Amino acid sequence: MGNKAPGKAHRKGISLLQLTRIFPDDATAEAWFVEQRWPQGVHCPFCDSDNIQERPTRKPQPYRCRECRKDFSVKTGTLMHDSKLGLRIWALALYLMNTGIKGVSSMKLHRDLGITQKTAWYLAHRIREAWTSGNRLFGGPVEVDETYMGGKKANKHASKKAKTGRGTAGKTAVAGIKDRKTNTVQATVIDKTDRPTLSGFVFDRTAPGAKVYTDEHSGYDWVENHEVVRHSVKEYVNGMAHTNGIESFWALLKRGYYGTYHKMSNKHLGRYVNEFAGRYNIRPLDTMTQMARVARGMAGRRLSYADLIMG
Ligand SMILES: [Zn+2]
């Protein structure tokens, strides 16, 4: 168990004080976001031309494309699109959300950043969206498991029933996979826990020949190269056949879900799952590298407030 979070001892964290020195104002934060988005120089988000006229005094759209004549800023065509918040606030929010291992509540962001809670809530959901990644193929060995989140408080005592009934009692099922070699995870909300769904989940995320460990749930019956851990007979660690890795990810997700985001609705669960998986996967990196990763993930994506509240 000593090999969790490889490189953790060497990763370079930064303090809040250092952070405020790195980003003393909006201009330095803007320069940093520009560097992350366009390391090869500014490109037009509409036509990809690099024939760009810089007009530093023309805020909030300091660039004009000489090809398509459109004006834009570093926020245009990203999750920051239309945001009135300064880029320093965005940088600080990236820091807080990357370093808060159990997540950061919108109440905390509201207090720490001096913005309204509603603004903080929308800001956090847009950053969560940046953690979304497409399916990757794990080479294995992998551990796969499913868990249940949420449900009304009144149903908490019914959690036993939820377990045997697989996803009843207002709970939402989440499937997760952990690759032992890269120490990274993928997780997603699922509608059902039947064979097409769970076996399909594994198929979409494993390279051919990857060794797969799961519990005895029949949903994994179609998975190839597959070994089962029989939880029901207390055989928790059967040689290499265990799912302790993905279960420790569930523990982290649940601590955040019930501790930090206790007022959260199931509607947004998918985004929280993305957040926890995304943060888990970059945890060995330096803080500034983590922030850069998430900043780059914001390009080419949108999450309007209307879409968010409509769900
Ligand atoms: Zn253009």
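Evaluating GLY7 against the criteria (1) within 16 Å of the ligand (Cβ to nearest atom); (2) at pLDDT below 95; (3) under 21 Å from the mean Cα position of the chain (by Cα) leaves one unmet condition, (1). Reported count of residues in region 46-61, each being at pLDDT below 95 and either crowded, with 17+ Cβ neighbours inside 10 Å or among the basic types (Lys, Arg) (or both), is 3.
Among residues that are in a helix (DSSP H, G or I) and of a type outside the set (Ser, Thr, Tyr), LEU94 is included.
A Cβ distance below 8 Å, combined with a sequence gap of six or more or placement on separate chains, defines the contacts here; from region 81-98, residues that are in contact (Cβ under 8 Å) with a residue 40 or more places away in the chain and crowded, with 19+ Cβ neighbours inside 10 Å reach residues that are of a type in the set (S, T, N, Q) and assigned to a helix (DSSP H, G or I) in the pairs ARG88/THR28; TYR95/THR287; ASN98/THR287; ASN98/GLN290. Of all residues in region 116-138, exactly one satisfies the criterion of being assigned to a loop (DSSP other than H, G, I, E, B) and crowded, with 19+ Cβ neighbours inside 10 Å, namely TRP131.
The rows are residues; the columns are (1) modelled with pLDDT of 85 or more; (2) out of contact with any helix residue (DSSP H, G or I) (no Cβ under 9 Å at 6 or more places or on another chain); (3) assigned to a helix (DSSP H, G or I).
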| site | (1), (2), (3) |
| --- | --- |
| TRP222 | yes, no, no |
| VAL228 | yes, no, no |
| LEU253 | yes, no, yes |
| TYR258 | no, yes, yes |
| HIS262 | no, yes, no |
| ARG271 | yes, no, yes |
| LEU308 | no, no, yes |
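Among the residues here, GLU67 qualifies as surrounded by fewer than 17 Cβ atoms within 10 Å (Cβ to Cβ), within 16 Å of the ligand (Cβ to nearest atom) and farther than 21 Å from TYR272 by Cα.
I'd like to verify a number: residues in region 75-85 that are among the β-branched types (Val, Ile, Thr) and more than 15 Å from the ligand (Cβ to nearest atom), how many? Here the count works out to 1.
Those residues that are within 11 Å of the ligand (Cβ to nearest atom), part of a loop (DSSP other than H, G, I, E, B) and farther than 25 Å from ALA130 by Cα, I need them from region 39-64; list them, please. Correct list: ASN51 only.
Taking region 16-38, which residues are more than 16 Å from the ligand (Cβ to nearest atom), in a loop (DSSP other than H, G, I, E, B) and surrounded by 13 or more Cβ atoms within 10 Å (Cβ to Cβ)? If you could, list the steps in order and put the result at the bottom.
Within region 16-38, the subset more than 16 Å from the ligand (Cβ to nearest atom) is 16-36.
Applying the additional criterion that residues be in a loop (DSSP other than H, G, I, E, B) yields 23-25.
Listed by number, the list holds a single entry, PHE23.
At pLDDT below 95, β-branched (Val, Ile, Thr) and buried (at least 16 other Cβ atoms within 10 Å of the Cβ): is that true of VAL74 in this structure? Spelling it out, it is not the case that VAL74 is at pLDDT below 95, β-branched (Val, Ile, Thr) and buried (at least 16 other Cβ atoms within 10 Å of the Cβ).
Filtering region 97-115 to residues that are more than 19 Å from THR289 (Cα to Cα) and in a helix (DSSP H, G or I) leaves SER106, MET107, LYS108, LEU109, HIS110, ARG111, ASP112, LEU113.
The values are calculated or read from the model by the stated rules, or taken from the named source; none is laboratory data. If you're wondering where the values come from, they're calculated on a predicted model, not measured in any experiment. When we count neighbours, we look across all protein chains shown, and the Cβ atoms used for this are built from the backbone with ideal geometry, even at glycine.
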